[in-house]
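Everything below concerns the one structure shown next.
Computed from the coordinates by the stated procedures, all read-outs in this text should not be read as laboratory data. Here the structure is a predicted model, which is why all the values come from computation and not from measurement. Don't worry about glycine lacking a Cβ; one is built from the backbone with ideal geometry, like all the others, and counts go over all protein chains shown.
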Protein chains: 2
Amino acid sequence: MEAPFTPHLSRRAAGLPPNAFTDLLPLMSDPTVAVLSQGVPPSSTFPLSSATFCLSDGSSVSLDAARMALAQRYPQFAWEELRDWLHRHVATLHRPPCAGWAVCLAAGSTSSLHILFSALADRGDCVLVEEHTFTAALDILASAGIRAVPVALDEHGLLPASLDAQCAALAAEGLSPRFLYTIPVGQNPTGSRLPEARYAEVYAICRAWGLSIIEDDPYFYQQHRADDDGDGEVPGLARLGKSYLSVDEDGRVVRLDSFSKILAPGFRIGWVSGAPAFVRLYDAHAFISSQWGCSLSMMLLSQLLAQEGWFEARVRELQRTLRARCRALVRAAREHLGERVSFRTPPAGMFLWCTFNGTPPSTRELIAAMRQHGVCVLPSSFTSATKTDSCASVRLSFVLDDAQLDEAALRLGQLVDQVEARAGDAS
Amino acid sequence: MEAPFTPHLSRRAAGLPPNAFTDLLPLMSDPTVAVLSQGVPPSSTFPLSSATFCLSDGSSVSLDAARMALAQRYPQFAWEELRDWLHRHVATLHRPPCAGWAVCLAAGSTSSLHILFSALADRGDCVLVEEHTFTAALDILASAGIRAVPVALDEHGLLPASLDAQCAALAAEGLSPRFLYTIPVGQNPTGSRLPEARYAEVYAICRAWGLSIIEDDPYFYQQHRADDDGDGEVPGLARLGKSYLSVDEDGRVVRLDSFSKILAPGFRIGWVSGAPAFVRLYDAHAFISSQWGCSLSMMLLSQLLAQEGWFEARVRELQRTLRARCRALVRAAREHLGERVSFRTPPAGMFLWCTFNGTPPSTRELIAAMRQHGVCVLPSSFTSATKTDSCASVRLSFVLDDAQLDEAALRLGQLVDQVEARAGDAS
């Protein structure tokens, strides 16, 4: 039985013809059938026969001839092992309450956002986003002519009262927003982690207003807890906590995960999980666009993940590394930036969000100063859902090593001095 | 200096904000700058350190530590070697006359079609396509609400006179089609190869009507010349002949190539070439969707292609294999299908297009008969730009080996017998 919520479909999604190949697939995968319908070069001409990958931890994994043959075929023939692993993983981690929830593969989360935004909203529609959010998400919405209505953030993430107020304000204009797009953990760019209690609050508001929730959660595994003074062990996989998927009784959540922020972006592989209606919708559109990503990556990832304990060890190492680097940047920022900026040590993600205590520079002024001082940060105008030229904050990623982080903060201190001196001259 | 033609942009393309990162990229790639703007895990946590791939021809290629580091980063850091190789390759093969022509990478041609169709036409617009064409292309157009106007094919491909007549008919309705989408070589599904003289004719008509040309040419390297009784050598890379890109003086052509039909689909890598306006447009949209494909595939392909003579040897092997299998299917079809179908031996591609000489079955009838006889072919209703339930033809791919092709043709003969007997009963 499926959950009762039915997402609003865009005209693009409603107009997609049923996949004609659905009728052929049972025949094409039946070994007794002579299949003359495929459009792929003879497998005898495929260039690769096997491979061995040396891993950073000193071990290795191989793709044998049979797996390498699948790695060279279309993704539908390569995804089975990885999708099965992910299904078990999602079941353990999120225990989704939604009936019939499913998982499918994705060619990275940006591709998934492109597909889902177009499938769930039309030109002229409005949707809700955090007041600061992922730049590419804002660009996708802008190009599709979908209005991004900002919801306020506090130091813990999305504010339920602001979400409710914006829905009410839109309703007063006669508008029904199509979905909430949110980055709940290691929020990009502010680094917050949504408190457990807010999930239910936000979910209830979305239920009341009939909203789908697109949960973009690439930093979920990056919960390093650098803000935790107790210096306890990192969460690993066992203590990652809630997600919208984990509270989704109605089937209104579609969740995006990505190996890009856990292992490496070069695989270009993520996964989409949630209510069957969303996963079917995603699959239908991936078939005519991204094709779900690279088969070679899928086969390699499934072999990496098949090693007992390997994934958890990688996640712990990532969390420990990010914790140490976050604290190093915080120390360097305290030393070199002092009272000129405000920030909170983030519990998750890769970013420190620094707000200028003095007059904010313009984007142009900030970039000119970055050139002069040899330091590059992300201006808050890039992440603002409301068009602005003023940069009240900057996003600093702490993925460099300690010495580099110290030098970067030193240069940034000089940059802020100059920006403030200019602001002083101007006033 | 750029070529003078300016493509019509869809509202989606016109509404895409300028990429904010353009201002940051020079800083981010300057080694003297302290870069705190990246959003990628620390490279020390990347899982892979090197790899060795054994090839089907008995040789091997490796990715050393430096290249494996790039293979794990975002595609912008991984594409350089491959893009340079492709630029030299396209220059040699097509000698594009268009000023400033460029090449960029793509996550497979279906993804490229999805991007380009959306960037070049709006809901309600009309475009021109061959009367039988790639099923996914028709589905992308349908979902985007773009009307696909069919242009007639003959045994050599697109008919210039039909293109001109359709443009005139649309003009009489007050409509300006946005582009011609065409598969000139190894046409899918009919297998024809556009005669050299028609390129200039079609190009002149497109110029007269102000049309862009989307040249989807994945079978360009599959010119096996199975129709050539002389039994000469296959064309290799030296005698592949014309393309629209090779005659594009105005900058109205955007060309799609794909490793999927040359090496293997599992890489999920193709390339887009053409006028700078198209390549810039493509890049801007890839940034917010496909991200150009998988970095690991890019690094591996660049190592494969760097081997002197390797690519040409693969292309020749592919052409020889396809020639032999095409002739095997033609022999089997003559033996087992006899006078019940008509076909021409195709000069390129993977498909034999068989037209029923008797009453055409419906799609449902054909699929039921396929199940009964244990054979699977592509019904022409799947490829028809005009909605129809009647299957006048079927597309047979000849990628199986000879014995399988004979058995498949035998079963197909039984299927046609049954379909014709039923049609006889019904009349």
Practice task
Anything in chain A that counts as a DSSP H helix reaching 20 Å or more along its axis (C-alpha) with Kyte-Doolittle mean of at least -1.0? List them, would you?
Solution key: A:80-94, A:196-209, A:310-337, A:402-426
Exercise for the section: Please report A:Thr321, B:Thr110 as a ranked list, fewest other C-beta atoms within 10 angstrom at the top and most at the bottom. Expected result: A:Thr321, B:Thr110
Exercise for the section: Please average, across the residues of B:348-356, the number of beta carbons from any other chain that are within 10 Å of each residue's own beta carbon, and give a whole number. Expected result: 1
Problem - Sparsely packed trypsin sites (Lys or Arg not before Pro) within segment A:169-254, loop by DSSP, other Cβ within 10 Å at most 11 - result: A:Arg239
Handout entry: Contact order normalised by residue count of chain B, Cα under 8 Å, 6+ apart, percent
Key = 19 percent
Completion exercise
Here the relative contact order (percent) of segment B:329-427, from C-alpha pairs under 8 Å and at least 6 apart, is 36 percent
Exercise for the section: Arrange the following residues from fewest to most other Cβ atoms within 10 Å of their Cβ: B:Thr45, A:Thr386, A:Thr32, A:Thr182. Expected result: A:Thr32, A:Thr386, B:Thr45, A:Thr182
Fill in the blank from the handout: Note: A:102-111 gets an average of partner chain Cβ contacts (10 Å, Cβ to Cβ) equal to 3
Exercise for the section: Only Lys, Arg, Asp and Glu count, each charged at its Cβ (+1, +1, -1, -1), so figure out the dipole size of segment A:68-146 about its Cα centre, rounded to 20 debye. Expected result: 300 debye
Practice task
May I ask for the net charge around A:Cys54, where only other residues with Cβ less than 13 Å from the Cβ of A:Cys54 are counted and Lys, Arg are +1 while Asp, Glu are -1?
Solution key: -1
Handout entry: Distant alpha-carbon pairs in segment B:307-427 (separation over 19 angstrom), percent
Key = 49 percent
Exercise for the section: Let me know the shape class of segment A:218-323, please: from the alpha-carbon gyration tensor, a ≥ b ≥ c as square roots of the eigenvalues, rounded when a/c is under 1.5, otherwise prolate if a/b is greater than b/c, or oblate. Expected result: oblate
Problem - Average other protein chain Cβ within 10 Å of Cβ, residues A:365-376 - result: 4
Problem - Partners for B:Lys261 among lysines (Cα-Cα distance below 21 Å; same-chain residues under 8 apart left out) - result: B:Lys242
Exercise for the section: Per DSSP H run of n ≥ 4, the term is -39500 (n - 2.57); total these for chain A, divide by its residue number, and report the mean residue ellipticity at 222 nm rounded to 500 deg cm²/dmol. Expected result: -12500 deg cm²/dmol
Handout entry: Percent breakdown of C-alpha pair distances by 5 Å bin, ordered from the shortest bin, for segment A:323-392
Key = 3, 15, 21, 27, 20, 10, 2
Fill in the blank from the handout: Normalised Cα Rg of the protein assembly as shown, dividing by 2.2 N^0.38 Å with N its residue count, works out at 0.97
Problem - Other copies of B:Gly358: label-to-label distances in nm, shortest first, labels 7 Å along the beta-carbon direction - result: 8.9
Practice task
Could you give the size of the charge dipole of chain A about its Cα centre, using +1 on the Cβ of each K and R and -1 on the Cβ of each D and E, expressed in debye and rounded to the nearest 20?
Solution key: 520 debye
Handout entry: Approximate shape of chain A as ellipsoid semi-axes (Cα gyration tensor, √5λ), whole Å, largest first
Key = 38, 28, 20
Handout entry: Qualifying GluC sites (Glu not before Pro) for segment A:139-196 [loop in DSSP, other Cβ within 10 Å: at most 13]
Key = A:Glu155, A:Glu173
Exercise for the section: Please report, in whole Å, how far the alpha carbons of segment A:1-117 spread along each principal axis, starting with the longest. Expected result: 46, 44, 28
Problem - Inter-part distance where segment B:228-287 and segment A:92-124 are each reduced to a Cα centre, Å - result: 32 Å
Exercise for the section: Work out the charge dipole of the protein assembly as shown with +1 on the Cβ of Lys and Arg and -1 on the Cβ of Asp and Glu about the Cα centre, then indicate which of A:Pro160, B:Pro346, A:Val61 is farthest towards its positive end. Expected result: A:Pro160
